[in-house]
Amino acid sequence: MPNDNIASGFLPGQDLALLLTALAGQGYRCIGPTVRDGALVYDSLDGVEDLPSGVHIQQSPGSYRVEFNQGKRLFDWANGPQALKPLLFAPRELLWQVERSADGQLRFTQQTPESAPTAVIGVRACDLAALELQDRHFLETEIPDNCYGVRRHQLFLVAVNCTRPAETCFCVSTGDGPSARHGYDLVLDELDDGFIVQSGSARGNEILAQLELQPVSAQQRNAAADATAQAVDMQSRQLPGRNLRDQLFANLDHPHWEEVATRCLSCGNCTSVCPTCFCYRELEQPALDRESSRHYREWDSCFTQGHSYIHGFVVRPDTRLRYRQWLTHKLGGWHDQYGRSGCVGCGRCIAWCPVGIDITKEVSAITAPPE
Amino acid sequence: MKPRVAVHKFSSCDGCQLAFLNLGEDLLTLFELVDVRHFAEAGPVDPSAEVDISFVEGSISTPDELERIRQVRNSSKYLVTIGACAVAGGLQALRNLADSGEWMAAVYASPEYIDTLGSVEPVSEYVKVDMELWGCPVNSRQLLAAIGSLLAGVVPREEHDSVCLECKRQGQACVMVAHSLPCMGPVTRSGCGALCPGVNRGCYGCYGPCEKPPTEVLAHWFTGLGQSDEQIAQRFLAFTPEAPAFYSTGRSRLTSDD
């Protein structure tokens, strides 16, 4: 049932540019999905013509292919290699600097990143679910992360409900998609001739008020609902449950961990493309004259040796233990830390694993009842 | 007294020494902080000088070099090898894969003037090496980090994660996944900034093996991508042919029956 309190309307396809204009008018830099080097990546949008018109994406374990067709739709694909993570939790950034002053005292300066109001077009339900988890990790703590927070507060999110999940998607089984339910400023349903636009925030309402929206017809609502139902049906992968904590921790010695290790490259691609993985390391870059130093943070991965190095000892020296750490933390430990699993079903770790390791299959093998 | 430093060259292209010369302003700082006793490419020449740190570029391929590297070791407190040649043989070690006597006879009119060892070896084959900097060539950032740590009296941090992490931090899409290109990134040590995947090419592995490189897993996947055993061997043996992990995976594919 349409909710009268939520502003919504129909935006004809040719008027999508008005949305970008309205966002730019409010001071937002618009970024959205663009095709680069064989993948969909977020980049600055000069106009709607930069959006991926008539693009399909075929994803399967270890494979991602962009295909072009004659279609007019702009969001007829599942996702690119990265969600919102790099826009907020920077892959590498300066946290603070220290200088030695003339009297020998050390002077520390915290760095606050330069950040401009940014509107992201084309955010998926899985991305929003991941964002909620990253917010919990970086912001909803005793000491909120400064760099993450500065960027997060300037973000305006235009979600687009997913109508074409990839073969690797399983957001239905994690309960995170394919439709966005909250966490956005605006959400769009893409139809053949335009978009149903709905606001999810006061800022969204302000933008919506600037668009000349038409009333949404029952036929349009039905078309959107049908597309969503179809997107649910299209998903064939699933995790064997939403809370696998006890099953995983009961199977720490399962032989399948070793079997995965014979195929895994331990390259960390899965953790890099995962929209919820948040591990980082910090490094020091001292000047040669040792009068100053820069302190950086960069993405790390539980697949590196350094991740489990404690003084004189590597806790997880081999791939079996590193893969087990990743999976048991994400699908097990997260329930204790964040009240839910760390997987949002986006399927990126399946498609972007160079050797096509499939989390849904591995977890099913490890948690299956003994024969 | 300032720490005394030497930069020595053996069989190599001189490219790693350029990582010093390209330091920019830091080069001036470096020359103030240390006493450079020998660095022929930059000016000072005193190959037998006693020094605290010797940086060694190049592999050992002639009897003369073998004698010289022993002298360098004896006159240096710390010996740091820089670049693929010094740490793992380099391109010239490709001759270890062939009958070099036959090649010499075919290429040179008077091969008797050529005096080489039977094989080309990394420096560590003959003398104790205190630290290795990998890369073809090494870059200025690596050198600065290493020298900075040594001057501060701390152990330099070893970079030995795979190129993949660096590649993803750069925001690059995996070329194996998006283009089915054979990429050595998953088994190769980071440090280069993931240059080749950044221009849509597979990594060539010039920084040598990363920590615990899963070379057989990757080679098996390359086969699935349609690479022949010979092509796979060429990938593993091109730049650091004497690095043990790459050596075994590469060599085993050269000798296997087709």
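Looking only at the stretch A:175-225, count how many residues are buried (at least 20 other Cβ atoms within 10 Å of the Cβ) and among the hydroxyl-bearing types (Ser, Thr, Tyr).
3
Of all residues being β-branched (Val, Ile, Thr) and touching a residue at least 40 places away in the same chain (Cβ under 8 Å) in the stretch A:26-54, which is nearest to the other protein chains (Cβ to nearest Cβ)? Just the residue, please.
For the stretch A:26-54, the residue satisfying everything is A:VAL41.
Test each condition in (1) modelled with pLDDT of 95 or more; (2) surrounded by fewer than 16 Cβ atoms within 10 Å (Cβ to Cβ); (3) in the same structural domain as A:TRP334 (by TED's automatic domain parsing) for A:PRO240 and report the one that comes out false.
The failed condition is (3).
Would you pick out the residues in the stretch A:228-264 that are assigned to a loop (DSSP other than H, G, I, E, B), away from chain B (no Cβ under 11 Å) and without any contact (Cβ under 8 Å) to a residue 24 or more places away in the chain?
Of everything in the stretch A:228-264, those that are assigned to a loop (DSSP other than H, G, I, E, B), away from chain B (no Cβ under 11 Å) and without any contact (Cβ under 8 Å) to a residue 24 or more places away in the chain turn out to be A:ALA250, A:ASP253.
Identify the residue in the stretch B:170-199 that is among the aliphatic types (A, V, I, L, M), touching a Phe, Trp or Tyr at 6+ places or on another chain (Cβ under 7 Å) and at the interface with chain A (Cβ under 8 Å from one of its Cβ atoms) and, among all such residues, is farthest from B:LEU225 (Cα to Cα).
Ranking the qualifying residues of the stretch B:170-199, first place goes to B:ALA178.
Any residue in the stretch A:16-33 that is out of contact with any helix residue (DSSP H, G or I) (no Cβ under 7 Å at 6 or more places or on another chain), closer than 20 Å to B:GLY198 by Cβ and among the basic types (Lys, Arg)?
For the stretch A:16-33, residues out of contact with any helix residue (DSSP H, G or I) (no Cβ under 7 Å at 6 or more places or on another chain), closer than 20 Å to B:GLY198 by Cβ and among the basic types (Lys, Arg): absent.
Just checking, which of B:SER124, B:SER100, B:SER75 is hydroxyl-bearing (Ser, Thr, Tyr), within 15 Å of B:GLY208 (Cβ to Cβ) and touching a Ser or Thr at 6+ places or on another chain (Cβ under 9 Å)?
Checking each option against the conditions leaves just B:SER124.
Count, please, the residues in the stretch B:219-228 that happen to be within 11 Å of another protein chain (Cβ to nearest Cβ) and in a loop (DSSP other than H, G, I, E, B).
1
Which of the numbered conditions does B:GLU166 fail, given that it passes all the others? Conditions: (1) touching a strand residue (DSSP E or B) at 6+ places or on another chain (Cβ under 8 Å); (2) of a type in the set (D, E, K, R); (3) buried (at least 21 other Cβ atoms within 10 Å of the Cβ); (4) more than 7 Å from chain A (Cβ to nearest Cβ).
Failed condition: (1).
Is it true that some residue in the stretch B:96-112 is closer than 21 Å to B:SER59 by Cβ, within 14 Å of the chain's Cα centre (by Cα) and touching a residue at least 24 places away in the same chain (Cβ under 8 Å)?
Within the stretch B:96-112 (the criterion being closer than 21 Å to B:SER59 by Cβ, within 14 Å of the chain's Cα centre (by Cα) and touching a residue at least 24 places away in the same chain (Cβ under 8 Å)), the answer is no, since none of the residues qualifies.
Going through the stretch B:1-20 one residue at a time, which ones are more than 23 Å from the chain's Cα centre (by Cα) and surrounded by 18 or more Cβ atoms within 10 Å (Cβ to Cβ)?
B:ARG4
Which of the strands (runs of 3 or more DSSP E) contained wholly in the stretch A:95-168 include at least 1 residues that are at negative phi and surrounded by 22 or more Cβ atoms within 10 Å (Cβ to Cβ)?
Per the criteria, A:118-123, A:155-160.
I'd like the full set of residues that are within 12 Å of another protein chain (Cβ to nearest Cβ), of a type in the set (A, V, I, L, M) and not in a loop (DSSP other than H, G, I, E, B), limited to the stretch A:349-365.
A:ILE350, A:ALA351
Being touching a residue at least 24 places away in the same chain (Cβ under 8 Å) and β-branched (Val, Ile, Thr) is the filter here, so list the residues in the stretch B:14-53 that pass it.
B:VAL34, B:VAL36, B:VAL51, B:ILE53
Conditions tested, residue by residue: (1) within 14 Å of chain A (Cβ to nearest Cβ); (2) surrounded by 18 or more Cβ atoms within 10 Å (Cβ to Cβ); (3) under 23 Å from B:MET1 (Cα atoms).
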residue	(1), (2), (3)
B:ARG37	no, yes, yes
B:GLU57	no, yes, no
B:VAL72	no, yes, yes
B:ARG95	no, yes, no
B:ASP99	no, no, no
B:TYR108	no, no, no
B:GLY118	no, no, no
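Does the stretch A:280-306 hold any residues that are within 8 Å of chain B (Cβ to nearest Cβ), within 15 Å of A:TRP326 (Cβ to Cβ) and assigned to a loop (DSSP other than H, G, I, E, B), and which are they?
A:ASP300, A:SER301, A:THR304, A:GLN305
Restricting the stretch B:134-163 to residues that are in contact with a helix residue (DSSP H, G or I) (Cβ under 8 Å, 6 or more places away or on another chain), among the aliphatic types (A, V, I, L, M) and outside any helix (DSSP H, G or I), which is nearest to the other protein chains (Cβ to nearest Cβ)?
Across the stretch B:134-163, the extreme among qualifying residues is B:VAL155.
If we scan the stretch A:331-348, do we find a residue that is within 14 Å of chain B (Cβ to nearest Cβ), at pLDDT 95 or above, buried (at least 19 other Cβ atoms within 10 Å of the Cβ) and assigned to a helix (DSSP H, G or I)?
Checking the stretch A:331-348: at least one residue is within 14 Å of chain B (Cβ to nearest Cβ), at pLDDT 95 or above, buried (at least 19 other Cβ atoms within 10 Å of the Cβ) and assigned to a helix (DSSP H, G or I).
When residues of the stretch B:200-218 are filtered for being surrounded by fewer than 22 Cβ atoms within 10 Å (Cβ to Cβ) and either more than 9 Å from chain A (Cβ to nearest Cβ) or of a type in the set (D, E, K, R) (or both), how many remain?
6
How many of the residues making up the stretch A:55-73 are hydroxyl-bearing (Ser, Thr, Tyr), more than 9 Å from every other protein chain (Cβ to nearest Cβ) and in contact with a helix residue (DSSP H, G or I) (Cβ under 6 Å, 6 or more places away or on another chain)?
Number satisfying all stated conditions: 0.
Name, by its number, the condition in (1) surrounded by fewer than 16 Cβ atoms within 10 Å (Cβ to Cβ); (2) under 20 Å from the mean Cα position of the chain (by Cα) that does not hold for B:LEU23.
Unmet for B:LEU23, out of (1) surrounded by fewer than 16 Cβ atoms within 10 Å (Cβ to Cβ); (2) under 20 Å from the mean Cα position of the chain (by Cα): (1).
Inspect all residues belonging to the stretch B:195-208 and state whether any of them is in contact with a Lys or Arg (Cβ under 6 Å, 6 or more places away or on another chain), modelled with pLDDT of 95 or more and on the phi > 0 side of the Ramachandran plot.
Yes; the residues of the stretch B:195-208 include at least one that is in contact with a Lys or Arg (Cβ under 6 Å, 6 or more places away or on another chain), modelled with pLDDT of 95 or more and on the phi > 0 side of the Ramachandran plot.
Considering only the stretch B:164-184, state which residues are part of a helix (DSSP H, G or I) and closer than 30 Å to B:LEU79 by Cβ.
B:LEU165, B:GLU166
Taking the stretch A:265-279 as the search range and keeping residues that are touching a residue at least 40 places away in the same chain (Cβ under 8 Å), more than 7 Å from chain B (Cβ to nearest Cβ) and assigned to a loop (DSSP other than H, G, I, E, B), which one is surrounded by the fewest Cβ atoms within 10 Å (Cβ to Cβ)?
Only one residue tops the list, namely A:PHE278.
The values are calculated or read from the model by the stated rules, or taken from the named source; none is laboratory data. Here the structure is a predicted model, which means the values were calculated and not measured. Reconstructed Cβ throughout: ideal geometry from the backbone, glycine too, with neighbour counts over all protein chains shown.
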